[in-house]
Structure formats: C-alpha cells, structure tokens
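A short reminder: the numbers here are calculations on the coordinates, not readings from a lab. Keep in mind that this is a model prediction, so the values were computed, not measured.
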Amino acid sequence: MVSPSIQHSAFSTTPSQLGYRMPAEWEPHQATWLSWPHKESSWPGKFDRIQPVYARMVAALATSETVHINVGDADLASRARALLDEAGATGDIRLHTFRTNDAWCRDHGAIFVVTDEDLHGDSSSLAATDWEYNAWGGKYPPSDLDNQVPGYMAEYLDVPRYKAGMILEGGSIDVNGQGLLLTSEQCLLNPNRNPELSREQIESRLRSFLGVQKILWLGDGIIGDDTDGHIDDISRFVATDTILTAVEEDPQDENYPILQENLRRLQLMTGLDGRPLTIRTLPMPPPVVYEGQRLPASYANFYIANTIVLVPFYNHPNDQRAAAIIQSCFPMRQVVGIDCTDIIWGLGAWHCLTQQVPR
C-alpha cells in the first residue's frame with residue numbers, strides 16, 4: 001500500500017494543446033480505480049449488505065484488469081481483503097491508503113487523457129485531469145478528502161496532472177474518443193456547479209482539457225437522480241457513431257416524457273462529419289422504490305472493462321433484455337450482471353463506482 005502525498009503541478013498549456021484526448025471507455029485500460037464504501041449514511045439501513053456486493057463487483061473486474069482501491073486506512077484495508085477473499089477475488093488488486101469521503105470514484109477520481117503519440121520522450125502517454133468536486137452541488141458535505149483523490153492517483157501513477165479549475169463529475173460526461181462529448185443541461189448548467197461560467201465557457205473548458213471538439217447536450221436526467229442528471233444514467237456511447245439511450249416504455253411513468261425528449265434530441269444530433277448518429281434504445285427497469293423514495297435505477301449505468309461489461313440488474317425480466325442489447329454492442333466482451341437493488345439505495349450503480357485508467 002502507498003501512503004499519500006500530493007505534489008501540485010502547474011502547466012501553461014492545456015492537455016488539448018499538447019495532443020491529449022479522453023479515450024472512449026471501450027478503449028484499452030491498464031486498470032480500473034475504485035474507492036471502497038465506508039460511509040454508512042450513503043446506504044442508511046442497508047450498509048451491511050453493501051460491502052459484500054461491492055466485493056463481488058471487484059472480483060468480476062479483477063478477471064479483466066488490474067484494480068486499484070482507495071481504502072483509507074489499515075483497518076478498512078483488512079476488512080476489504082477479507083470480503084474480497086470471501087468473494088473469490090483473484091488477480092492484481094492493489095489497495096491504497098488514500099482517504100475518501102465516499103465511494104463514488106467516477107465522480108471524485110481523476111479523469112484520464114492520453115496522447116496517440118509519445119510527447120514526453122518515454123513510453124508514457126497518460127495524464128490526469130483534476131476537476132473540482134463539491135459532492136453534486138454541495139448536497140453531501142464534506143467532500144474535502146474526495147477532492148484530493150485525483151492528486152493521489154496521478155502521483156501514484158507518476159503522470160502529469162492538469163488542474164481544470166471547474167467543477168465536473170465523471171458521471172456527467174461520456175465520450176466517443178474521437179471528438180464527441182455527451183452531457184446534460186440539467187447537470188453542467190446547474191448553478192450549484194459553476195455559476196460563474198456560461199455554457200460557452202464550460203464547453204471551452206471541456207475542449208481544452210479533454211480534447212473533444214463537439215459537445216452534445218441532452219436535457220434532464222431520470223427521476224431520483226440526486227446528481228442533477230448525470231449522463232451515465234441516460235445515454236452512453238457504445239461505438240464512435242452509436243449511442244445507446246434509455247427509454248421508458250410506460251407512458252404513465254414520470255420518466256417517459258423526460259427520456260422521450262432526450263431521444264428526440266439524439267435523433268437530431270450529428271457527428272463531426274455531419275452525419276446522423278446511430279441511436280439504439282435500452283429499456284428501463286421498473287420503478288425501484290425504497291422507504292418511499294424512487295431510486296435512479298437504470299441499465300445505462302454499465303461499466304465497460306477490457307473483457308467484461310458490468311451491468312446493474314434489478315431482479316426483473318428486463319434485466320435479461322437489457323443484457324442482451326448491451327451484449328450485442330460488445331460482442332467480444334462478456335456481460336456480467338450483478339444485482340444492484342441494494343447498491344442503488346446509495347443513488348448510484350456500477351458506473352458511478354468505477355473510473356477507468358487507460359493505457
């Protein structure tokens with residue numbers, strides 16, 4: 001295990017100017033990075049069920065690639081190791097004593113970019129972009145420990161770190177690796193994130209730090225999503241010219257008009273070449289309600305690893321329908337469905353918990 005220390009980096013040029021780009025999630029990973037769950041108030045009344053299910057997720061990911069996990073301290077590391085052993089997890093699993101406030105590494109972790117040609121005189125073409133994090137608009141303070149995680153990750157991997165100076169969560173964006181970025185107005189234009197920045201300034205920052213050229217805007221996110229409309233519960237790139245988008249099939253469901261409007265927008269979108277994108281649809285699970293609260297259950301919150309695609313299941317026949325559609329998008333990977341009905345009480349699923357480290 002590694003003890004954390006941060007060495008701040010300052011650059012006069014942006015990652016985009018240096019030739020960096022954010023790769024698509026299906027491009028090769030060197031690892032997946034996680035933060036072990038420890039905040040009981042994120043899963044009130046269910047926390048005892050969370051860590052064993054989380055260990056099953058890690059066991060599945062470790063069949064595909066190296067897994068890094070922030071565990072905070074030696075006691076939590078020992079607990080994690082015991083649960084990983086119970087889950088039969090093998091492979092290269094590395095625990096780091098990097099402290100976090102919560103488990104949602106997609107949102108508080110570094111967002112990595114790569115260069116297609118070596119610019120540094122060595123074999124490394126990886127860099128970390130470090131965005132500010134305020135726990136989804138200040139909803140769940142504190143977030144001070146989470147906000148330090150990108151620096152720890154960059155230092156451990158010995159890669160440059162570029163501080164973007166804007167609040168951004170990884171779950172609020174998705175890219176095709178070839179210049180397109182998909183996001184939502186409800187999240188990125190929310191005044192609880194960057195009230196001092198205009199839409200145009202936000203787009204400029206995304207282009208400068210993630211190497212994208214065109215921003216595609218959807219509207220609102222699904223009901224129950226406390227992140228204010230994260231894209232990874234709505235629509236995901238599954239190929240450079242193809243988006244898989246969640247649709248609600250029951251016209252009486254409150255998600256129906258929201259997702260139909262997003263579908264309409266997607267059908268009008270074009271790639272950099274001006275051609276329409278291919279839009280495929282993914283069913284929603286039925287409403288998942290716990291203690292009177294509708295939870296943001298969505299099959300779109302899948303995670304694409306090197307050899308598997310981790311899909312959230314909700315103990316419903318639509319699980320298999322969704323798995324078959326996702327499998328058709330990734331025929332060379334194995335779809336692994338793990339029940340997420342307890343995990344989703346924390347208001348996130350597998351994609352929210354993971355962050356890819358590209359090669």
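Where is the GNM fluctuation largest for the chain (alpha-carbon springs, 10 angstrom cutoff): ASN70, ASN101, ASN315?
Highest fluctuation among the options: ASN315.
For LYS39, list the lysines whose Cα falls under 19 Å from its own Cα; do not include residues on the same chain fewer than 8 positions away.
Hits, sequence-local ones excluded: LYS139.
Give the percent of DSSP beta bridges with both residues in the chain that are antiparallel, rounded to the nearest 5.
Details: 21 of 51 bridges.
Looking only at bridges with both residues in the chain, the antiparallel portion is about 40 percent.
Rounded to whole Å and sorted largest first, list the principal axis extents of the Cα atoms in the chain.
So the extents along the principal axes, rounded to whole Å, are 53, 49, 41.
Setting aside same-chain residues fewer than 8 positions from LYS163, which aspartates and glutamates have a Cα under 12 Å from its Cα?
List returned: ASP130, GLU132.
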